[in-house]
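The structure follows.
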Amino acid sequence: MSLWRQLTRGLRVLTHREAADRDVADEVRDYLEQAAAALEESGLRPDDARRAARLEFGNPTVIHEQVRSYGWEHLFGTLAADLQCSGRQLLHNPGFALVSILTLALGIGASTAIFSAVNPILFQPLPYPHAGRLMMIQEMRNNGSPRRPSFATFHGLAEGSHTFDAMAVVKPWQPTTVGTGQPERFEGQRVSAGYFRVVGVLPSMGRDFQAPDDQFSGPNVVILSDRLWRRNFAGDSTILGKQVMLDDSLFTVIGIMPSSFENVLAPAAELWAPLQYNPSLPVQGREWGHHLRMVGRLRPDVSANQAGAELKEMLRPFAQIYAKGYDCCGGAPDTMVVSRLQDEITRGVKPALLAILGAVVLVLLIVCVNVTNLLLARSARRRSEFALRAALGAGRMRLIRQLLAESLLLAAMGGILGMVIAEIGVRGLVALSPPGLPRVNAISVDGAVFAFGFGITSLVGLIVGLVPALRASHSDPQNALQQNSRTTAGGHQLTRRMLVVSEVALALVLLVGAGLLLRSLEHLFAIDRGFDSAHLLTMQVQESGRRFNEDSVRARFYMQALEAVRQVPGVTAAAFTSQLPLSGDFAVYNMQLESHPDDNSEGLLQYAVSPGYFDTMSIPLRGGRLLDERDRAGAPTAVLISESFAKRKFPRQTPIGQRVRLGAAVGHADSPWATIVGVVGDVKQTSLAVNASDAFYTTTTQWDWVDTAQSLVVRARGDAAAMAPAIRKAIWSVDKDQPVARVATMDTLLAKSQAERHFALILFEGFGIVALVLAAVGIYGVLSGSVTERMREIGVRSALGASRLDILVLILRQGMTLTGIGVVIGLGVAVAASQAILSMLYGISRFDPVTYFGVVALLATVSGIACWLPAWRAAKVDPSITFRAG
């Protein structure tokens, strides 16, 4: 039969079922008549001929079904019939259907929501052309640790490389604009001219930066993001060529980036200007500072290792020529490290995201196990129905197909509800996401997420339906028809108990993960951070404008602002610092000791602070004196060092009075020495979990320059957050055009510093609670079904003298045995799985006995409650009623 005839025949069968059935019946009747006529001609009587024809032909109904089973239309017809029958079955059992659908929706929704977050961050390529060729390039110190490159390194490597199509460097830029209202600070970047060509995205309006734009003291030009263009300039299409005021200077708008542009290196950036560093590389200039991020686009068919080897060879002669420049800022790098840009921006969050993804997979497995258990219990009650179908001619595959249709229908309804839960979950994930989570704006329920949801729904439907379908199809029709409706084959009970054991084991794994994270956070918040965060308000004050070009003018503004803040009622102390603990600030410089001239200590945290900073922060003095008003510009430079650095460098002598050189003065014999006047306690700067405590402090006016942005710390008598408006007003009373940003209490910064761990903890706790409830429901369901099936046995035990306590202990022992087996298996799995969250633990081992004991106790308690209810029902069984019912 041709394909066209098959198609048209199938459509006619599907659209005109009765007519197609009549045609088949006519064909069967015609065949029987012709067979009977042939037998009559052979000598049989008419009645005998018809009887013989029917015997030879077989059951007409079976033949009719066989004829209907041919053709593609049979698949659709059978599926529609199975789904229709499944729908009726679920309508007759609304409680079972509702519980199953909600359980499946929870698992599918949670897994889909987590996938929607993990997919764009870890699995999808970055939103740039040929994103796999985008590389992050870093310098490697002699001690093996990476550091950000300097402009000098970029300048020395960019032009001569044959493995990269293009290279670029970027740094943060926070320009300010002043209008009729409060000054507004923008987030932006200073970039080298080739930045947008490296990432492969050019402005949708106007032009890109050109080499002349990036010349030293070149023109003030700026490219705007689509978001900023629409928000601040109302999408004015004539904006190109116009000038905007930024930092008291006019910038010409030359381009608008596409609305789809995603800047992964600085997601908040809304405008870009050329870097405009000096290519002559003056010694002790900003060109040697390690504050840039360097990216490059590899040429096709070039590996990262090949590129790194080339840059290393290029660096050696360049570093020799410019040795004096490198010496001022920590020395020349030993080599260059080239790695995928996507790996670098996701390195910090990848362990947490993979652990969360693993956790939601466990939840999905528990959901599948739970629904499979429900289907097994239901199929046990339907054994007589299945046996009757088998006796009437339904084959094994027909029963399997029918039960799989029911599970797929359940999964489909659960999947639809699960997508609603996923949409809500995605919004919650974005709201809870820790600061610095890359590509947050790309987290959404898109086509890929819908495809994942459809796939996971289909897979779950097959998984939860396959075991009950196979067990039902193996049943013996004769035995099943003879069994009482309350009797279930032992195989069903064994399978259900095994599933409950697996639920308990999986729940324990999730609870152990949540417990370890919780204990880790408790340890983190209990450690000494080096200061008192209570009643402490912080904010960043930034000066802008040409009138602040001189350090003396800048210093005067900050001094006047500080005096104004100290006069605000409720302020007990206030001070400025160049970098604020736990805020994301990170500035390090070298130190040279006079007593060890060849030992240049690298990577010390550098703080330029105003007098009173240590009292405001409650940082303890360990020896010597604090910085005060004596330590002003022109006076001998006074330095404080951290306690850990003092112990390491001066183990058997006092550091007070020792002389050192700092920063750019290191290695220069003609530079003056600074004197250590005191030792203060260690402070956690980058994170509570990081022990980078080596630090030195000078006053703001005795450092090499006065920073353009400084953090204000204010200690208040009462609620520190409530002081923010009054403190802003005090700063603006000195100069109303200077922006105040990043306002937060120190307690808030403390919490944000551990946001990644807290984010993982919240999800693990949520998944753990769901797993615990589902495990308890599974235990209760198995025991409740067991009690119902063993009513007669329990009645006999009671009649023979068993007390209620005996019956109670019998059922409790059965349930707790399942829990115990699950706990033993789960402990082994949890020990192995805890390796996934090892990087998020602090102060405890992944074998922490307190966590494991607590989780086991919690599981035992919840399981005991789940076991008690059916056990108590069994203990109250009346033997006489049981025997009469039997």
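The values are calculated or read from the model by the stated rules, or taken from the named source; none is laboratory data. This is a predicted model, so every value here is computed, not measured. Neighbour counts run over all protein chains shown; Cβ positions are idealised from the backbone, glycine included. All accessible areas refer to the heavy atoms of the entire protein, side chains included, with ligands and DNA or RNA removed. Shrake-Rupley method; radii C 1.70, N 1.55, O 1.52, S 1.80 Å.
From the phi angles alone, apply the Karplus equation (6.51, -1.76, 1.60; θ = phi - 60°) to the range 648-659 and give each ³J(HN,Hα) in whole Hz, x where the residue is Gly or Pro.
6, 8, 10, x, 10, 8, 7, x, 5, x, 5, 10
What's the FRET efficiency of Ala755 with Cys85 using the Cβ-Cβ distance as r and R₀ = 41 Å, to the nearest 0.05?
With a Förster radius of 41 Å, E is 0.20.
Suppose we take every Cα in the range 765-840 and form the convex hull; what volume per residue is that in Å³?
97
Follow-up question, since we're still on this one. Rounded to the nearest 20 Debye, what is the dipole magnitude of the range 175-234 about its Cα centre when Lys and Arg each give +1 and Asp and Glu each give -1 at the C-beta?
Here the range 175-234 has a charge dipole of around 160 debye.
Starting from 0.36 nm per residue, how many nanometres of slack lie between Ala234 and Trp705 once their C-alpha separation is accounted for?
Stretched out fully, the Ala234 to Trp705 stretch lengthens by 165.6 nm.
A follow-up question, please. I'd like the distance separating the alpha-carbon centroids of the range 330-375 and the range 601-629, in whole Å.
Each part reduced to its Cα centre gives a spacing of 39 Å.
Mind pulling the angle between the C-alpha long axis of helix 724-734 and the longest principal axis of the chain? Nearest 10 degrees, somewhere in 0 to 90.
30
Roughly what angle does helix 304-321 make with the longest principal axis of the chain, taking Cα atoms, 0 to 90 degrees, to the nearest 10?
Computed tilt is about 0 degrees.
Further question on the same structure: Number of Lys pairs in the chain with C-alpha atoms less than 22 angstrom apart, excluding same-chain neighbours closer than eight positions?
5
Treating the beta-carbon of each Lys and Arg as +1 and of each Asp and Glu as -1, no other charges, what is the dipole magnitude of the chain about its Cα centre, to the nearest 20 debye?
Dipole about the Cα centre, nearest 20: 2140 debye.
Which of the peptides 236-243, 124-131 is most tightly packed, and how do the rest follow, going by the mean number of other Cβ atoms within 10 Å of each residue?
Descending mean neighbour count gives 124-131, 236-243.
What's the long-distance tail for the range 711-782, i.e. % of Cα pairs beyond 13 Å?
That tail contains 76 percent of the Cα-Cα pairs.
So how much slack lies between Lys324 and Met559, counting 0.36 nm per residue of separation and subtracting their Cα-Cα distance, in nm?
81.0 nm
Moving on to the next point. In whole Hz, what ³J(HN,Hα) sequence does the range 826-842 give by Karplus (6.51, -1.76, 1.60; θ = phi - 60°), x for Gly and Pro?
x, 4, x, 5, 5, 4, 6, 5, 5, 4, 5, 10, 4, 5, 9, 8, 8
To test your reading of the geometry: what angle, between 0 and 90 degrees and rounded to tens, separates the Cα axis of helix 94-118 from the longest principal axis of the chain?
30
Give the carbon-plus-sulfur fraction of the accessible surface of the chain in %, rounded to a whole number; probe 1.4 Å, heavy atoms of protein chains only.
59
Over 5 Å intervals from 0, what percent of Cα-Cα pairs in the range 574-711 sits in each interval?
2, 11, 21, 26, 22, 13, 4, 1
Would you mind estimating how fast the range 705-830 diffuses translationally, via Stokes-Einstein at 20 °C and 1.002 mPa s with the Kirkwood radius over Cα pairs, in µm²/s?
100
Moving to a separate point now. Would you mind listing how long the range 206-248 runs along its three principal axes, going by Cα atoms, in whole Å with the largest first?
32, 24, 16
Let's see if you can work this out: charge +1 on each Lys and Arg Cβ, -1 on each Asp and Glu Cβ, no other charges. What is the dipole magnitude of the range 559-626 about its Cα centre, in debye to the nearest 20?
400
Are there GluC sites (Glu not before Pro) in the range 734-815 that DSSP puts in a loop and that have at most 12 other Cβ atoms within 10 Å, and which ones?
none
Hey, another quick one. Using only the alpha carbons of the chain, determine the length spanned along each of the three principal axes and report them from longest to shortest in whole angstroms.
Taking max minus min along each principal axis of the Cα atoms, the chain gives 131, 77, 54 Å.
Okay, next question. Which one of Val787, Ala726, Pro317 is farthest out on the positive end of the charge dipole of the chain, using unit charges on Cβ (Lys, Arg +1; Asp, Glu -1) and the Cα centre as origin?
Val787
Using a 1.4 angstrom probe, figure out how much accessible area the chain has per residue, in square angstrom, rounded to the nearest whole.
Normalised by residue count, the accessible surface of the chain is 46 Å².
Now, a different point. Compute the FRET efficiency between Arg54 and Val361 as 1/(1 + (r/R0)^6), taking r as their Cβ-Cβ distance and R0 = 56 Å, and round to the nearest 0.05.
Computed FRET efficiency for Arg54 and Val361: 0.45.
Identify the residues of the range 737-777 with backbone N under 18 Å of a label point that sits 7 angstrom from the Cα of Val568 along the Cα-to-Cβ direction, or state none.
737-749
If packing is taken as the mean number of other Cβ atoms within 10 Å per residue, what is the order of 202-211, 502-511, 654-663, highest first?
502-511, 654-663, 202-211
Now, a different point. Quick check: pseudo-label points 7 Å beyond the Cα along Cα→Cβ at Leu250 and Gln210, how many nm apart are they?
Going by the 7 Å Cα→Cβ label model, 2.1 nm.
Mind ordering 42-50, 134-142 by average Cβ neighbours within 10 Å, highest first?
134-142, 42-50
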